[in-house]
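In what follows, a structure is listed as structure tokens, so that the remarks can point back to it.
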Amino acid sequence: MVSFAGARQGVEDLYHMFDLTGLLLDDVASAFHQSGTNPYLEDLHSLDKLLHLEIPVRGIMYNNLKNVALGAKVGYSVDIIRDYDNLIDRNAILILLGGRELGYIPKDIAQLIAPDLDSGKTVHATIKSVVPGRVPNVTITLSF
């Protein structure tokens, strides 16, 4: 395991262990320094805690996704897939309802689930609640 305890030590580790140099070394080092702490990781001992959370669907207000959200009903299954083309969040996880984009899993939770999806693990989700409004508020629950 690589230790990135200090900024200088972190850059040296990247250089020696991964043969990174030049602009690539600068970019990777910068990304490590900009990384924040995920509050879900502080007390998390297993993903079981996430399985019982009601997770809000994010992004419904964009791109007319509210039209898809209006068709959401409690108990409907939704598909959870990685969105590798997302430029905003490298861990982005898309939520599909009937093959149509409903929204995204919040960033802090996607950070925890993305590695499982990347390794081939199947994550299932079900709509837990739908609160109608100008922009519907939809929550889901996860299961593995």
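Just so you know, all these numbers are worked out from the coordinates, no wet-lab data involved. Only a predicted model underlies this, so the values are computations on that prediction, with no experimental measurement involved.
A few points about this structure:
- Computed lengthening from Ile88 to Met17, 0.36 nm per intervening residue step minus Cα-Cα distance: 22.7 nm
- Across region 42-143 the C-alpha pair distances fall into 5 Å bins from zero in the proportions 2, 13, 25, 26, 19, 10, 3, 1 percent.
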